[in-house]
Amino acid sequence: METLEGIVSEAESIWRREGAARSVSSQAEAGARIQDIADRCVPLYTVDLLKLAQRDVDLATTEPTLEGVLQRRMTATGLIARNVFDAVTDHLWSLYYTRVVQEDRRDAA
């Protein structure tokens, strides 16, 4: 993928294709699935990470949202990868919680 939006879109496609939202029975299981998908979607090669940051400078300049990540020294590509990971997981959690709310509404009806 050449853009962050493309990576997030691919992660969503995997989430939907695998039926992840329907097949998880707990928040912990959803978290494991989300992390697995995000791990698969984050580019591994330095050149790919740098191309992403070239297109979206915020990936290289924004502190990751997870606490404690910057307590240790992080390389530039590590920072970019962490921000891509965060973007993917944030989006997948949003899909998961949307599904949970929809199911709760159906159960209440």
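Points to keep in mind about this one:
- Karplus 3J(HN,Hα) series, Hz, for the range 7-13 with 6.51 cos²θ - 1.76 cosθ + 1.60 (x for Gly, Pro): 5, 5, 5, 5, 4, 5, 4
- Here the range 21-60 is treated as an ellipsoid with the same Cα gyration tensor; its semi-axes, largest first and in whole Å, are 30, 10, 7.
- Sorted by Cβ density within 10 Å, fewest first, the residues 96, 45: 45, 96
Rule-based calculations on the coordinates, nothing more; no lab input. Everything quoted here is computed from the prediction, not taken from an experiment. All Cβ positions, glycine included, derive from the backbone under ideal geometry; neighbour counts span all protein chains shown.
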